[in-house]
Amino acid sequence: MVETLKHYVLIFALTFIALALIFSFLRSLIGPRIADRIVAVNMIGTQVIMIVCILAVLFHEGGLVDIAIIYSMFSFLAVVLFTRIYIGIYNEKHTQKEDDE
């Protein structure tokens, strides 16, 4: 009984996170600002990590947790890289605007 309930709760959580993943993906495409897109990419990474961890519990596979940890490191590095690029572009535009004045 408890295992069946746990199974259904995890399936519901997977479904809910998958829907949130779709909305986050749409936000990363639509924008409107680059900062919104960076936050959406970060949310997508976090949601994928949650999905992998839930699948690890459902399938009783400890190796999936290792994959989630590695994916979290790559996701973090990607968001840091996107943020650095965005800050560089912002500073360049700001400096160019000051030079024009």
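Do we find that H94 is modelled with pLDDT under 95 and within 29 Å of T4 (Cα to Cα) in this structure?
Considered against the rule, which asks whether it is modelled with pLDDT under 95 and within 29 Å of T4 (Cα to Cα), H94 comes out as no.
Please specify each residue of the stretch 56-73 satisfying the condition of being in contact (Cβ under 8 Å) with a residue 24 or more places away in the chain and under 17 Å from the mean Cα position of the chain (by Cα).
The answer is Y71, S72.
In the stretch 26-74, how many residues are under 30 Å from I87 (Cα atoms) and not aliphatic (A, V, I, L, M)?
14
The values are calculated or read from the model by the stated rules, or taken from the named source; none is laboratory data. In this text, all values refer to a predicted model and were calculated from it rather than measured experimentally. Here the Cβ is made from the backbone with ideal geometry for all residues, glycine too, and neighbour counts use every protein chain on show.
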